[in-house]
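> The following block contains the structure, expressed as structure tokens.
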Amino acid sequence: MSVIDLAQTAICPAANVHALFLSFDRKAGADATQTRRAIGQLAQALDGWIALDASARSSWVIGVGSEAWDDLADAARPRELASFPQFDDAVAPLPNTPHALFLHLRSEREDLCFEAGELARSTLADVADLIDAVPCFRYMGGRDMTGFVDGTENPTPDERPGVALVDDDAPFDGGSYLHVQRFVHDLARWQTLPVPIQERVIGRTKADDEEMDDEQKPPTAHIARVVIEEDGEELSIVRQSLPYGTVGGERGLYFISYCKSPRPFTLMLARMYTRRDGPSDHLLQFTRAVTGAAYFVPPRAMLSNWSDA
């Protein structure tokens with residue numbers, strides 16, 4: 001059986017039009033066995049939710065927080081599971097806002113994302129409190145609120161399982177290391193920049209999404225900081241980020257990445273936020289992270305076992 005057959009469903013597919021991201025903390029007094037059973041029951045219920053409309057390409061992920069794993073999971077710890085990275089020499093705030101559970105709900109239909117969110121809230125009601133719910137959407141053909149295409153460096157669909165899914169740490173094969181950050185953009189300031197300056201901040205052209213030549217691309221450009229090569233190979237993560245926002249309210253990017261190891265994300269974050277290996281990321285002058293958390297996404301069979309706890 002391949003690792004893709006072992007995995008939860010929302011990790012690898014191409015982007016949907018809509019997503020809903022939910023964060024939960026355990027209720028006081030909810031014991032681990034009761035919580036695991038509710039999580040397993042939710043997984044079964046979400047399988048039924050997918051079946052409501054096959055054409056909507058709905059899918060889901062349930063992740064368990066790094067800080068919650070030992071008490072909640074009743075299983076050995078995944079080999080590389082750690083808290084969200086922190087750097088003493090970070091040039092900008094880098095929040096660590098851990099939660100016990102994280103849900104990634106995806107669909108072509110906004111109403112189905114809402115239904116899945118309500119299903120999750122009600123199924124977990126006795127064991128977990130909903131802390132945060134952020135609906136997100138595909139914007140202008142896959143662009144971030146800055147106007148630039150997001151996720152250009154993502155692996156191809158065929159490459160994604162090999163990048164995102166653990167394949168050498170049984171019984172966690174088919175699982176994934178998940179990192180999330182919610183960014184709030186300073187769009188009023190960003191929009192005062194002429195397009196050529198914006199392009200130098202990002203490292204790509206705005207209209208046609210072409211990467212700048214190395215001799216034109218500033219070392220502070222976002223692309224220059226997060227594209228890392230080791231031994232001639234580019235380090236990869238699977239990004240499933242989407243914009244969010246309300247008219248007149250906060251707008252930004254809900255960053256979410258999956259990988260078979262947390263190391264590539266940690267290296268990318270260090271290159272963005274520190275000056276250890278060249279200048280920090282100029283984009284951080286126009287956006288700020290307000291959350292940050294690390295989770296492990298168990299293989300699907302582990303959740304099935306929990307439903308029988």
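> Give me a count of the residues in the range 43-68 that are assigned to a loop (DSSP other than H, G, I, E, B), among the aliphatic types (A, V, I, L, M), open to solvent by 40 Å² or more (accessible area, probe 1.4 Å) and touching a residue at least 40 places away in the same chain (Cβ under 8 Å). Explain how you work it out, then say what you get.
Restricting attention to the range 43-68, the residues satisfying the condition of being assigned to a loop (DSSP other than H, G, I, E, B) are 51-53, 57-58, 66-68.
Checking the rest, the ones that are also among the aliphatic types (A, V, I, L, M) come to 51-52, 68.
Next, from what is left, pick out any that are open to solvent by 40 Å² or more (accessible area, probe 1.4 Å): 51-52.
Next, from what is left, pick out any that are touching a residue at least 40 places away in the same chain (Cβ under 8 Å): 52.
Of the residues in that region, 1 qualify.
> If you go through the range 18-42, how many residues are of a type in the set (A, V, I, L, M), open to solvent by 10 Å² or more (accessible area, probe 1.4 Å) and closer than 21 Å to HIS179 by Cα?
1
> Further question: Being open to solvent by less than 60 Å² (accessible area, probe 1.4 Å) and among the basic types (Lys, Arg) is the filter here, so list the residues in the range 69-125 that pass it.
Matches in the range 69-125: ARG106 only.
> What are the residue pairs meeting all of these: first residue in the range 224-249, first residue touching a residue at least 60 places away in the same chain (Cβ under 8 Å) and over 18 Å from THR274 (Cβ atoms), second residue open to solvent by 20 Å² or more (accessible area, probe 1.4 Å) and assigned to a helix (DSSP H, G or I), Cβ atoms under 6 Å, and 6 or more apart or on different chains?
If the second residue must be open to solvent by 20 Å² or more (accessible area, probe 1.4 Å) and assigned to a helix (DSSP H, G or I), the pairs left are SER236/VAL163; VAL238/ARG160; VAL238/VAL163.
> Next question, about the same structure. Give the residues of the range 158-187 that are among the aliphatic types (A, V, I, L, M) and either closer than 24 Å to TYR244 by Cα or in contact (Cβ under 8 Å) with a residue 60 or more places away in the chain (or both), sorted by residue number.
VAL163, ALA164, LEU165, VAL166, LEU178, VAL180, VAL184, LEU187
> For the range 142-163, what are the residues that are at positive phi and modelled with pLDDT under 95?
GLY151 - this is the single residue of the range 142-163 that is at positive phi and modelled with pLDDT under 95.
> Scan the range 137-168 for residues that are surrounded by fewer than 16 Cβ atoms within 10 Å (Cβ to Cβ), under 22 Å from GLN8 (Cβ atoms) and among the charged types (D, E, K, R) and jot them down.
Listed by number, the residues that qualify are ASP158, GLU159, ASP167, ASP168.
> Tally time: how many residues in the range 126-145 are among the hydrophobic types (A, V, I, L, M, F, W, C) and more than 14 Å from PHE21 (Cα to Cα)?
Here the count works out to 4.
> Looking only at the range 259-281, how many residues end up being touching a residue at least 40 places away in the same chain (Cβ under 8 Å), outside any strand (DSSP E or B) and either under 22 Å from ASN154 (Cβ atoms) or under 18 Å from the mean Cα position of the chain (by Cα) (or both)?
The number of residues fulfilling the criteria is 13.
> Go through the range 77-122 and give me each residue that's without any contact (Cβ under 8 Å) to a residue 12 or more places away in the chain and either touching a Gly at 6+ places or on another chain (Cβ under 6 Å) or outside any helix (DSSP H, G or I) (or both).
Within the range 77-122, ARG77, GLN86, ASP88 meet the criteria.
> Hey, another quick one. Output the number of residues of the range 270-295 satisfying the condition of being under 30 Å from ALA68 (Cα atoms), out of contact with any strand residue (DSSP E or B) (no Cβ under 8 Å at 6 or more places or on another chain) and surrounded by 22 or more Cβ atoms within 10 Å (Cβ to Cβ).
Of the residues in the range 270-295, 1 are under 30 Å from ALA68 (Cα atoms), out of contact with any strand residue (DSSP E or B) (no Cβ under 8 Å at 6 or more places or on another chain) and surrounded by 22 or more Cβ atoms within 10 Å (Cβ to Cβ).
> Out of ILE256, ILE223, report the one residue that is open to solvent by less than 20 Å² (accessible area, probe 1.4 Å), among the β-branched types (Val, Ile, Thr) and outside any strand (DSSP E or B). Walk me through it before giving the result.
Numbers: ILE256 fails: outside any strand (DSSP E or B).
ILE223 is the lone residue from the list that is open to solvent by less than 20 Å² (accessible area, probe 1.4 Å), among the β-branched types (Val, Ile, Thr) and outside any strand (DSSP E or B).
> Kindly indicate the residue of the range 126-136 that is within 17 Å of the chain's Cα centre (by Cα) and open to solvent by less than 60 Å² (accessible area, probe 1.4 Å) and also farthest from THR291 (Cα to Cα) among those meeting that condition.
CYS136
> Still on this structure, please answer the following. Quick check, is PRO194 open to solvent by 40 Å² or more (accessible area, probe 1.4 Å) and of a type outside the set (Gly, Ala, Ser)?
On the way: open to solvent by 40 Å² or more (accessible area, probe 1.4 Å): yes; of a type outside the set (Gly, Ala, Ser): yes.
In short, yes.
> Considering only residues that are of a type in the set (Val, Ile, Thr), over 30 Å from LEU101 (Cα atoms) and outside any helix (DSSP H, G or I), which ones fall in the range 173-216?
THR192, THR205
> I'm told GLU234 meets every condition in (1) within 20 Å of PHE102 (Cα to Cα); (2) out of contact with any strand residue (DSSP E or B) (no Cβ under 7 Å at 6 or more places or on another chain); (3) among the charged types (D, E, K, R) except one. Can you identify the failing condition by its number?
(1)
The values are calculated or read from the model by the stated rules, or taken from the named source; none is laboratory data. Just so it is clear, the model here is predicted, and its values are computed rather than measured. So basically every Cβ, Gly included, is an ideal-geometry build from the backbone, and we count neighbours across all protein chains shown. What goes into the accessible areas is simple: the full protein's heavy atoms, side chains included, and nothing from ligands, DNA or RNA. Shrake-Rupley method; radii C 1.70, N 1.55, O 1.52, S 1.80 Å.
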